[in-house]
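The values are calculated or read from the model by the stated rules, or taken from the named source; none is laboratory data. It should be emphasised that the depicted structure is a prediction, and the values quoted were computed from it without experimental measurement. FYI the Cβ positions are ideal-geometry reconstructions off the backbone, even for glycines, and counts take in every protein chain you see.
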Amino acid sequence: MIQVKDNVFHINTKNTSYIFAVTKYGDLQQLYYGEKIEFQQDYKAFFQKRKLLLVSTLYPEYDVAYGIDDMCFEYSFAGNGDMRESACYASSNNQLSCFQYDKYTISNKQNNNPNPLAHNETESLTIYLKDKLNGVKLSLVYRIFNDCDCITRSVCITAGNSKLNIKRLMSLQLDLGRCDLKAITFNGAWSRERQKQEQLLTCGKIVNDSLSGASSARHNPFMMLAEQNADNFSGNTFAFNLIYSGNHYEMAEVCPYGKTRFLSGINPNGFELFLAKNESFYTPEAVMTYSDKGYNGVSNNMHNFVNKHIIPSKWQNKEKPILLNSWEAMYFDITEDKIFALADRAKSIGVELLVVDDGWFGKRNDDTTSLGDWYVNTTKFPHGMRYVADKLHNMGLKFGLWFEPEMISKNSELFKAHPDWVLGNLDRQPLILGRNQFVLDLSRKEVQEYIINALLTCIEDFGIDYIKWDFNRMLSDLSSKVTPLGMANHNYVLGLYAILRAVTTKHPDVLFELCASGGARFDLGMLCFMPIGWVSDNTDVLSRVSIQEGTSYGYPPSVMCNHISICPNHQTKRSTALQSRFSVAACGVMGLQYNLMKCSDDELFELKKVIEKYKKIRKILNGAEFYRLIDGFNDNFNSWLMVSENKGTAYLMLFQKLFSPVNNIPKMKLVGLNKNVVYSIEELGMQATGEVLMKNGLILPQNFMGNEKHPEMSDFSDFTARIYTLKVLS
Ligand code: DGJ
């Protein structure tokens with residue numbers, strides 16, 4: 001709900017309020033973001049009370065007490081006397097633009113923003129600002145998602161009567177009148193994505209950004225600001241994400257006057273835009289949420305937001321097929337016969353989708369060649385891909401195929417025909433390569449058309465049910481033949497979205513999985529087109545548990561693809577029990593990456609059993625509430641609870657990193673259950689009320705002690721994970 005009263009804008013979601021006002025000078029002043037406050041008759045209590053000059057801050061003529069540098073603004077402009085990092089730097093005729101309030105509208109209309117947007121908002125508010133001097137217009141768009149306590153923010157700027165130069169235009173600014181917060185970011189690298197890091201905010205800035213051309217494994221655009229004592233269960237916490245897949249930028253700054261500013265948007269580093277007279281530019285949409293229930297509180301809001309408002313509606317609440325991917329089973333050494341043999345075994349253990357990964361096209365026998373040549377390698381697949389798809393379909397399996405559409409190998413037919421399609425300057429020596437490949441300049445229409453046609457042809461000719469969309473190198477030289485440098489990354493990303501829009505609109509039934517050397521582009525922009533994503537190449541259970549835990553802060557398990565893989569693990573050489581690999585992979589969209597041809601009958605039987613168990617778990621995955629019961633980044637244990645929407649079923653995952661003799665398994669206080677009913681815990685043969693499990697906690701049987709054994713003990717050794725099933729007794 002939005003109320004506008006005496007120039008105060010008061011937005012309420014289910015549990016939160018966001019309030020700002022127009023000041024007497026036409027600025028927008030941030031007044032409140034936090035726990036829900038009912039609409040008021042009078043908002044005087046929210047304003048700063050100042051009568052005196054705040055020494056050393058700048059002020060508007062005639063009002064020394066309006067200390068610009070100490071105000072909480074809704075959106076700030078360079079040149080306006082605010083010394084903090086500004087949200088907007090725009091100029092025309094060598095004059096900076098500063099904006100003042102003009103008017104507002106409340107509507108449910110979608111605007112013309114070419115970026116992917118969240119869908120099904122409750123309401124939206126647009127605030128129009130104007131630069132009186134040179135006619136530049138700026139609108140701030142707020143869209144409200146009541147059911148998940150989220151508000152999205154985006155900005156549109158329109159040039160006046162002369163050319164406008166823009167050096168930065170952030171999607172979101174949030175000024176908070178406090179400086180007692182910490183920043184929590186999710187950082188990493190290949191095979192070590194989204195590791196949680198907490199930093200106290202003190203005077204100065206913390207930047208969380210990417211310059212890799214994609215959202216990156218280095219710093220995910222999701223981040224939180226929280227009270228310093230906040231944890232998974234308590235403490236006021238704000239969380240933010242950007243619906244964007246390119247270079248992003250999040251900045252938290254504590255100013256000398258005890259305020260904290262947060263910015264999120266396209267990375268201004270390297271960004272520059274010129275707009276012609278009356279031309280407009282739209283930023284991507286950023287999302288923010290607040291909870292007084294700590295990290296789990298904001299995670300739940302973000303999970304609901306992703307499930308209900310980000311992934312394509314078509315895939316909402318749909319169970320995803322259990323797939324077997326050929327990559328670690330065969331790498332490039334794939335053939336039709338091998339795939340059929342693998343499929344046979346896969347089918348026999350309950351797999352539902354067979355994915356032919358890299359190596360099926362052009363002359364692709366290793367990673368030096370053929371990206372861009374999206375036609376079948378007939379040496380490996382002599383009867384073509386339609387034959388493969390038909391045969392798999394006849395076996396009762398779905399058929400999936402790997403693509404890396406944004407790339408081009410130097411050794412390819414495509415490169416021979418269109419060397420100029422490469423992003424970057426081919427005359428520069430040495431050329432900068434990533435996995436032997438170049439990036440296509442997706443800002444070019446003809447490149448977009450080539451990729452769209454190639455994909456549509458394959459989808460239609462082969463009969464594809466699933467596509468894994470990979471992206472295996474970072475962008476470097478952004479020199480484009482058609483796009484100005486300052487817009488090369490952004491227009492690349494818009495080109496990518498245009499391709500994704502065209503292909504997914506034409507084939508809404510094809511399931512897309514996002515992937516980027518593992519999880520290097522795991523973001524809300526990609527999830528708008530693809531309902532699931534490859535979290536990481538690393539499937540080792542110890543590594544994976546922390547990657548999934550880090551990812552769970554901003555993204556729901558229902559979009560996280562996890563595979564059970566063979567031991568020793570290909571990334572870490574570690575060997576762990578199948579039950580443990582299963583228990584962690586099952587907390588998401590489970591699949592397999594396994595050479596079943598090397599499995600004994602016993603192993604196949606075990607795999608069949610865990611697949612059967614997963615088919616029960618996945619039923620609750622889409623609407624489940626997910627809780628981290630322990631901070632796995634700072635503990636020897638990770639513990640996750642997934643509770644079904646009706647609270648009738650819950651799955652508890654417990655993982656132990658290292659065994660130490662005579663240690664205790666922690667007592668876990670469960671959350672989100674129905675306190676008035678009795679739950680049975682299948683694996684333990686015990687029962688307890690929801691109230692007891694939530695107030696006293698679940699006590700697991702004593703762990704084995706090193707030499708003493710008992711049939712009813714727990715058996716958590718190194719890298720052990722287990723899933724416990726809670727069901728309401730009927
Ligand atoms: C990187 C992906 O993350 C892997 O799963 C696999 O698809 C390879 N690329 C194939 O080249």
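Worth pointing out:
- Among the residues of the range 671-682, the one identified as under 28 Å from the mean Cα position of the chain (by Cα) and more than 13 Å from T649 (Cβ to Cβ) is V671.
- Residue, surrounded by the most Cβ atoms within 10 Å (Cβ to Cβ), within the range 78-102, restricted to residues that are assigned to a strand (DSSP E or B) and more than 32 Å from the chain's Cα centre (by Cα): S92
- Every pair of residues 6+ apart whose Cβ atoms lie under 7 Å, when the first sits in the range 403-421 and is hydroxyl-bearing (S, T, Y) while the second is part of a strand (DSSP E or B) and within 16 Å of the ligand (Cβ to nearest atom): S409/T369; S409/Q437; S412/T369
- Selection count where residues are in a loop (DSSP other than H, G, I, E, B) and touching a residue at least 60 places away in the same chain (Cβ under 8 Å), scope the range 160-183: 7
- Here C255 clears all of (1) farther than 29 Å from G519 by Cβ; (2) in contact with a Ser or Thr (Cβ under 6 Å, 6 or more places away or on another chain) except the condition numbered (2).
- Enumerated helices (runs of 4 or more DSSP H) restricted to the range 419-528, each holding at least 3 residues that are surrounded by fewer than 23 Cβ atoms within 10 Å (Cβ to Cβ): 445-458, 485-506
- Given (1) within 15 Å of the ligand (Cβ to nearest atom); (2) closer than 18 Å to F462 by Cβ, index of the condition F399 fails: (1)
- So G533, is it surrounded by 21 or more Cβ atoms within 10 Å (Cβ to Cβ), free of Cβ contacts under 8 Å to residues at least 60 places away in the same chain and more than 16 Å from the ligand (Cβ to nearest atom): no
- For the range 342-374, residues that are free of Cβ contacts under 8 Å to residues at least 60 places away in the same chain, surrounded by 22 or more Cβ atoms within 10 Å (Cβ to Cβ) and within 13 Å of the ligand (Cβ to nearest atom) total 5.
- Scanning the range 615-655 for residues that are part of a helix (DSSP H, G or I) and either of a type in the set (A, V, I, L, M) or surrounded by fewer than 21 Cβ atoms within 10 Å (Cβ to Cβ) (or both) yields K615, K616, I617, R618, K619, I620, L621, F633, N634.
- First in the range 429-454 and over 14 Å from Y497 (Cα atoms) and touching a residue at least 40 places away in the same chain (Cβ under 8 Å), second anywhere and crowded, with 24+ Cβ neighbours inside 10 Å and of a type in the set (F, W, Y), Cβ under 6 Å, 6 or more apart: none
- Restricted to the range 33-51, and to residues there that are part of a strand (DSSP E or B) and surrounded by fewer than 21 Cβ atoms within 10 Å (Cβ to Cβ), the residue that is farthest from the chain's Cα centre (by Cα) is E35.
- Close pairs from the range 305-333: first within 16 Å of the ligand (Cβ to nearest atom), partner of a type in the set (V, I, T), Cβ under 6 Å, at least 6 apart: L323/V355; L324/V351; N325/V355; S326/I334; S326/V356
- Within the set N267, N317, N307, N301, the sole residue that is in contact with a helix residue (DSSP H, G or I) (Cβ under 9 Å, 6 or more places away or on another chain) and either modelled with pLDDT under 95 or on the phi > 0 side of the Ramachandran plot (or both) turns out to be N317.
- Those strands (runs of 3 or more DSSP E) of the range 656-730 in which 1 or more residues are closer than 25 Å to N636 by Cβ, touching a helix residue (DSSP H, G or I) at 6+ places or on another chain (Cβ under 6 Å) and in contact (Cβ under 8 Å) with a residue 12 or more places away in the chain occupy 720-728.
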